[in-house]
Amino acid sequence: MKAIAPKTIRLYNSLSGQKEIFTPVHEGRVGLYVCGPTVYSDAHLGNCRTFVNFDIIYRFFEYCGYKVRYVRNITDVGHLVGDVDDAGADDKIGKKARAEQVEPMEIVQRYTNGFHDVMRQLNTLSPSIEPRATGHILEQIEMIETILKNGWAYIKNGSVYFDTLKYAKADKGYGQLSGRILEDLLVETRDLKNQDEKQHPSDFALWMKAAPQHLMHWNSPWSVGFPGWHLECSAMSTKYLGKTFDIHGGGNDLKFPHHENEIAQNVGACGCQPAKYWLHANMLLLYGKKMSKSDGYYVAPNELFAGTCELKDENGGKMLTKAYSPMTVRFFILQAHYRSTMDLTDSGLQAAEKGWKYLTETYKLLKNMVAPKGAKPLLDKQLDELANAAFEDMSDDFNCPKAMSRLFELGSKINALKGGQLSMKEVSEDCLRRMEQVFHDFMFKIFGLRDESADAASTHATMNGLMQLVIEMRQQARTTKDWTTSDKIRATLQQVGIDLRDGKEGTTWVKN
Ligand code: AMP
Ligand code: ZN
């Protein structure tokens, strides 16, 4: 059984810069493509925010009865260091593989596994298809051949470049998505070593001839090389969702050049725009500054779950003082609209922890609540209106924070019924059961939260808290030269498989 399924969904289309009513390409179905991670390192919490936001969008469409094909790729080749098409530039994955003297695919496997693990902890649903760029080299070569045949690209020294100037002059709308106009692109003075290979600075690589140190390369009609980063998403979205599909998503920072170039490639190869709607998720900040891997300014999800994040503020204090469970983090993410930036702070996470606890306790309360016989349903209308409003908020460009605030309003009524401030005689049994369903559906189906009371992660957080106490007690014993107690603590912990490690930074614990 479902609470209520809204009929109309409105979403903000980055392409038109407006909210539009969603009308699917195929009745009752949604084709959704989201740019996935580049697997050369662990995903940080900013990446996770984007994927959680699209998970909620995916869940909401399914909840409304659509059959969704959700494609989220794995970028395992072609994403160059510095995001530039420089023939001499290193591939992010290749660089890491060379540094560690392992196969690039070992790097890919390691970080894909890690990504899946974090996604599971955050309770995101697996996409319907998760294609890898390296598994679609043939499709990418074919697409380049079509683009060349259609006259939108040129070959230079074994590499193939998209001819953006010709494309823009043909008035195909280059720059429409990102709001960049070609004049701006023309004067852009990026320091590209292989500038002379390109006819124009804004041209981008479809295929690159591999430099000798490049580990990942394939045969092609033009050279032994590798595909450009933007191409994989065009090739794989077309393969799995068709030439025109419903929604293309990704982080804001992918609008240009990645998505703009993707559109150009699709128009160049297929003669049409790939997606009807483009959705862009906004960035996660950490104390006001964008979280970014390349700047080394980020929080790793596992550190946050274990409370081991060592980032310090300007006063030397820990930015994040304790462990937060995956569902606290997911609840935190839900509190900002996907198109707004969001600031990760310790106090914000603590507030999310309280909010999540309040929601679960209210739901438990509601489950056990029984209306007295013969109650007059004076409150029912108010409660139903709040529930309806929450669904409307979700149908209005997936406004989770607004829908959440309605649940909290409902929660305060339920707590007031329990506390006696509102009379139980004014609510019908039917309405209580409807509200129970609303809470259940929002919490577990739409918001994708999970009751984690028995989770390993929560056990770890509790364990970590206890271990900090034990470490402190042992430290006190050592300070007073009470070696019997400090040795006993260490030995007893060893017996249960926990080792204490003393280092410059203090004592840490590991489970064998
Ligand atoms: P990448 O693995 O770098 O290709 O990024 C994967 C996804 O995370 C992309 O959609 C990015 O736009 C997104 N992303 C990167 N940094 C952030 C951030 N600080 N906040 C939210 N999303 C981000
Ligand atoms: Zn992409």
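The values are calculated or read from the model by the stated rules, or taken from the named source; none is laboratory data. The shown structure was predicted, so the numbers you read here are calculated from the model rather than taken from an experiment. Here the Cβ positions follow ideal geometry from the backbone for every residue, glycine too, while neighbour counts run over all protein chains shown. Quick note on the areas: whole protein, heavy atoms, side chains included, nothing else; ligands and nucleic acids left out. Shrake-Rupley method; radii C 1.70, N 1.55, O 1.52, S 1.80 Å.
To the nearest 10 square angstrom, what accessible area does Val118 show with a 1.4 Å probe?
The accessible area comes out at roughly 10 Å².
Under 23 Å between alpha carbons, and skipping anything fewer than 8 positions from Lys318 in its own chain: which lysines qualify?
The reachable lysines, counting only those whose Cα sits under 23 Å from Lys318, are Lys289, Lys290, Lys293, Lys354, Lys504.
Once amide H atoms are built 1.01 Å from N in the peptide plane, which residues 5 or more positions from Leu15, or in another chain, come under 5 Å H to H?
Residues meeting the amide H criterion: Trp278.
Which three semi-axes in whole Å describe the equivalent ellipsoid of the chain, each the square root of 5 times a Cα gyration tensor eigenvalue, listed largest first? Kindly include the intermediate steps, with their values, before the conclusion.
Details: eigenvalues 400, 242, 62 Å².
Semi-axes, largest first: 45, 35, 18 Å.
Give the accessible area for His217 in Å² (nearest 10); use a 1.4 Å probe, count only protein heavy atoms, and leave out ligands, DNA and RNA.
About 90 Å², rounded to the nearest 10.
Return, ordered by residue number, the residues of the stretch 468-491 whose backbone nitrogen is under 20 Å from a label point located 7 Å along Cα→Cβ of Thr321.
468-473
Counting pairs of alpha carbon atoms under 8 Å apart in space and at least six apart in sequence, what relative contact order in percent does the stretch 10-281 give?
Values: 457 pairs, mean separation 66.4, N = 272.
It rounds to 24 percent for the stretch 10-281.
Cα axis of helix 137-149 to longest principal axis of the chain: angle in degrees, 0 to 90, nearest 10?
With both axes taken from Cα atoms, the answer is about 50 degrees.
Report ³J(HN,Hα) in whole Hz for each residue of the stretch 219-232, in order, from the Karplus equation J = 6.51 cos²θ - 1.76 cosθ + 1.60 where θ = phi - 60°; Gly and Pro get x.
6, 8, x, 10, 5, 7, x, 8, x, x, 4, 5, 5, 4
Calculate the dipole size of the stretch 10-281 relative to its Cα centre from +1 charges on Lys and Arg beta carbons and -1 charges on Asp and Glu beta carbons; express the result in debye to the nearest 20.
Numbers: 29 positive and 33 negative charges, 128 e Å.
Dipole size: approximately 620 debye.
Stretch Arg501-Glu409 to full length: gain in nm at 0.36 nm per residue minus the Cα-Cα span?
Numbers: separation 92, 0.36 × 92 = 33.12 nm, distance 4.80 nm.
Full extension from Arg501 to Glu409 adds 28.3 nm.
With a 1.4 Å probe and every protein chain left in place, tell me how much accessible area Tyr240 has, in Å² to the nearest 10.
50 Å²
Under 5 Å between amide H atoms, partner at least 5 residues away or on a different chain: which partners does Asp163 have, H built in plane at 1.01 Å?
Ala153, Tyr154
State the answer as a single residue: which of Asn47, Ala491, Thr8 lies farthest towards the positive end of the charge dipole of the chain, with beta carbon charges of +1 for Lys and Arg and -1 for Asp and Glu, about the Cα centre.
Sorting the options by dipole projection puts first Ala491.
How far apart, in nm, are the 7 Å Cα→Cβ label points at Asn113 and Glu100?
1.0 nm
Explain nothing, just the number: dipole magnitude of the chain about its Cα centre with +1 on each Lys and Arg Cβ and -1 on each Asp and Glu Cβ, in debye rounded to the nearest 20.
On the way: 63 positive and 64 negative charges, 262 e Å.
That gives the chain a dipole magnitude of about 1260 debye.
Can you give the FRET efficiency for Gln18 and Gln468, using 1/(1 + (r/R0)^6), R0 = 51 Å, r = Cβ-Cβ distance, to the nearest 0.05?
On the way: r = 51 Å, r/R0 = 1.00.
Efficiency for this residue pair is about 0.50.
So which aspartates and glutamates pass the test for Lys312, namely a Cα distance under 13 Å, with those fewer than 8 places away in the same chain ruled out?
Straight-distance partners of Lys312: Asp346.
Short version: ³J(HN,Hα) in whole Hz for each residue of the stretch 503-512, in order, from phi by Karplus 6.51 cos²θ - 1.76 cosθ + 1.60 (θ = phi - 60°), x for Gly and Pro, what are they?
Those phi angles translate into x, 4, 7, x, 9, 10, 10, 9, 9, 7 Hz.
Mind putting together the pair-distance distribution for the stretch 10-281? All Cα pairs, 10 Å bins, whole percent per bin, short to long.
Reading the bins upward from 0: 7, 30, 36, 22, 5, 0.
Under 22 Å Cα-Cα from Lys7, which lysines qualify once same-chain neighbours fewer than 8 residues away are excluded?
Once the sequence-local lysines are set aside, what remains near Lys7 is Lys19, Lys67, Lys276, Lys381, Lys402, Lys445.
Choose one of Leu311, Ala403, Ser128: the residue whose Cα lies farthest towards the positive end of the charge dipole of the chain (beta-carbon charges +1 Lys, Arg; -1 Asp, Glu; about the Cα centre).
Of the candidates, Ala403 comes out farthest on the positive side.
Taking the Cα centre of the stretch 26-116 as origin, work out the dipole magnitude from +1 charges on Lys and Arg Cβ and -1 charges on Asp and Glu Cβ, in debye rounded to 20.
Details: 11 positive and 13 negative charges, 88 e Å.
That gives the stretch 26-116 a dipole magnitude of about 420 debye.
Considering every pair of different Cα atoms, what Kirkwood radius, in Å, is found for the stretch 286-446?
Details: mean 1/r = 0.0568 Å⁻¹.
Kirkwood hydrodynamic radius for the stretch 286-446: 17.6 Å.
Could you work out the relative contact order of the chain, using alpha carbon pairs under 8 angstrom and six or more residues apart, expressed as a whole percent? Before the final figure, lay out each step's value.
Working: 808 pairs, mean separation 82.4, N = 512.
Value for the chain: 16 percent.
Could you give me the ³J(HN,Hα) list for the stretch 293-304, computed from phi with Karplus coefficients 6.51, -1.76, 1.60 and θ = phi - 60°, whole Hz, x at Gly and Pro?
In residue order, the calculated couplings are 5, 5, 8, x, 10, 7, 10, 7, x, 5, 5, 5 Hz.
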